[in-house]
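One structure is given below, encoded as structure tokens.
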């Protein structure tokens with residue numbers, strides 16, 4: 001599943017991109033989004049956060065390029081989670097913690113390296129021991 005915005009969406013392409021990802025009709029997804037706006041505007045806030053966080057479907061390769069220090073891209077590479085989801089969670093934490101997450105973000109910039117963590121698929125093999 002690719003969590004992306006559609007390049008041909010009505011506003012930012014969030015509804016169309018997520019509807020394709022979740023295999024839901026776009027009209028139904030947009031209706032649900034409009035209903036969510038009635039609940040204290042949470043739908044509008046989520047839409048804007050997703051518009052910022054999710055890459056457009058035609059720019060998925062560029063999504064791993066650093067935007068702001070590249071921490072979300074590094075976390076995405078290390079955890080094999082899509083960068084749009086990591087960015088969305090980081091934005092949510094930023095607002096919920098009233099900016100305290102910014103300190104952790106900067107600390108992660110200095111802690112994380114640029115290499116992808118080695119999984120069992122790409123670990124170098126060791127030669128067998130001979131006795």
> If you check 29, 12, which single one turns out to be in contact with a strand residue (DSSP E or B) (Cβ under 8 Å, 6 or more places away or on another chain), touching a residue at least 12 places away in the same chain (Cβ under 8 Å) and outside the structural domain of residue 87 (by TED's automatic domain parsing)?
Replying inline: 12
> Which condition does residue 127 not pass, out of (1) at pLDDT 80 or above; (2) surrounded by fewer than 16 Cβ atoms within 10 Å (Cβ to Cβ), if it passes all the others?
Replying inline: (1)
> Any residue in the stretch 43-65 that is in a helix (DSSP H, G or I), at pLDDT below 90, farther than 22 Å from residue 94 by Cβ and in contact with a strand residue (DSSP E or B) (Cβ under 7 Å, 6 or more places away or on another chain)?
Replying inline: yes
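Could you please find all residues in the stretch 83-98 being in a helix (DSSP H, G or I) and farther than 15 Å from residue 46 by Cβ?
Step one: of the stretch 83-98, the residues in a helix (DSSP H, G or I) are 83-96.
If the condition is that a residue be in a helix (DSSP H, G or I) and farther than 15 Å from residue 46 by Cβ, then 83, 86 are the ones that fit.
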> Of all residues in the stretch 3-28, how many are in contact with a helix residue (DSSP H, G or I) (Cβ under 6 Å, 6 or more places away or on another chain) and surrounded by fewer than 19 Cβ atoms within 10 Å (Cβ to Cβ)?
Replying inline: 3
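The values are calculated or read from the model by the stated rules, or taken from the named source; none is laboratory data. Just so we're clear, the structure is a prediction, and the values are computed from it rather than from any experiment. No Cβ is skipped: glycine too gets one built from the backbone with ideal geometry, and neighbour counts run over all protein chains shown.
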